[in-house]
Amino acid sequence: MTIHDKDGNVVAISDSRIFDNMVIHNALLSGLELEGISFDGSDLQGSDFTDADLYGANLADSNFDSCIFVRADLRDSFIYNVSFANADLTGARFSLSNMKERMRLHKVNFTNAKLDGTDFTGAIYDAMTIFPEGFIAEDLGLTSEEAEGEAETLGGQISSVPR
């Protein structure tokens with residue numbers, strides 16, 4: 001697979017779908033089927049993933065600052081220690097996977113990210129995840145790990161857990 005930047009220049013090549021530990025700035029990946037791709041430890045800041053299918057992707061330890069993920073499918077992706085600072089995630093999907101698995105967001109930085117219409121239904125986030133100022137995670141279907149643990153203690157009654 002070959003990845004081009006927004007000017008058409010080749011910025012990365014892989015015989016597989018593994019682009020780990022690479023610097024791939026301003027890549028043009030919009031509309032591509034990238035299911036199961038790995039960008040573990042990579043820096044893709046400024047890249048365009050509009051309408052991309054990243055279902056089941058490995059995005060751990062990566063930098064997606066100032067990227068565009070409008071309507072991108074990120075369900076079932078491994079998202080640990082990832083930065084989406086200043087990214088546009090309008091209409092992106094972090095919701096339940098096809099197998100009804102819940103998305104887990106660990107150490108994710110959404111500082112100043114645009115999250116209008118982003119689908120977080122059923123997703124769980126940890127205390128180290130940072131949301132934009134004024135963002136109320138629970139209003140968009142997110143559950144904190146702390147609340148999830150309390151709900152399990154109460155027999156799954158999430159609605160009975162105080163905010």
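General remarks:
- Condition check for residue 97 on (1) at pLDDT 95 or above; (2) outside any strand (DSSP E or B); (3) polar (S, T, N, Q): one failure, at (1).
- In segment 17-45, the residues that are within 18 Å of residue 72 (Cα to Cα) and aliphatic (A, V, I, L, M): 27, 28, 29, 32, 34, 37, 44
- Restricting segment 101-130 to residues that are among the charged types (D, E, K, R) and in a strand (DSSP E or B), the residue that is nearest to residue 57 (Cα to Cα): 104
- Just one residue in the set 55, 125 is crowded, with 19+ Cβ neighbours inside 10 Å and over 30 Å from residue 9 (Cα atoms); that residue is 125.
- For segment 131-141, the set of residues classified as more than 13 Å from the chain's Cα centre (by Cα) and outside any helix (DSSP H, G or I) consists of 132, 133, 134, 135, 136, 141, listed by residue number.
- Test for residue 102: is it at pLDDT below 95 and of a type in the set (Lys, Arg): yes
- Residue in segment 52-62 that is at pLDDT below 95, of a type in the set (A, V, I, L, M), within 13 Å of the chain's Cα centre (by Cα) and within 14 Å of residue 129 (Cα to Cα) present: no
- Filtered residue count, segment 78-118, keeping only those that are without any contact (Cβ under 8 Å) to a residue 40 or more places away in the chain, polar (S, T, N, Q) and within 17 Å of residue 143 (Cα to Cα): 2
- Across segment 42-61, not a single residue is classified as more than 23 Å from residue 115 (Cβ to Cβ), part of a loop (DSSP other than H, G, I, E, B) and not small (Gly, Ala, Ser).
- Only residues that are crowded, with 18+ Cβ neighbours inside 10 Å and either β-branched (Val, Ile, Thr) or at pLDDT below 95 (or both) were counted across segment 75-92, and they come to 5.
- Matching residues, segment 21-36, being within 18 Å of residue 89 (Cβ to Cβ) and in a loop (DSSP other than H, G, I, E, B): 26, 29, 30, 31, 32, 34
- For residue 4, the conditions (1) without any contact (Cβ under 8 Å) to a residue 24 or more places away in the chain; (2) of a type outside the set (Gly, Ala, Ser); (3) in a strand (DSSP E or B) are fulfilled apart from (1).
- Test: residue 10 is touching a strand residue (DSSP E or B) at 6+ places or on another chain (Cβ under 7 Å), without any contact (Cβ under 8 Å) to a residue 12 or more places away in the chain, surrounded by fewer than 16 Cβ atoms within 10 Å (Cβ to Cβ) and farther than 12 Å from residue 67 by Cβ: yes
- In segment 21-36, of all residues being of a type outside the set (S, T, N, Q) and in contact (Cβ under 8 Å) with a residue 24 or more places away in the chain, the one that is surrounded by the most Cβ atoms within 10 Å (Cβ to Cβ) corresponds to 27.
The values are calculated or read from the model by the stated rules, or taken from the named source; none is laboratory data. Quick caveat: nothing in here was measured; it's all calculated off a predicted structure. All Cβ positions, glycine included, derive from the backbone under ideal geometry; neighbour counts span all protein chains shown.
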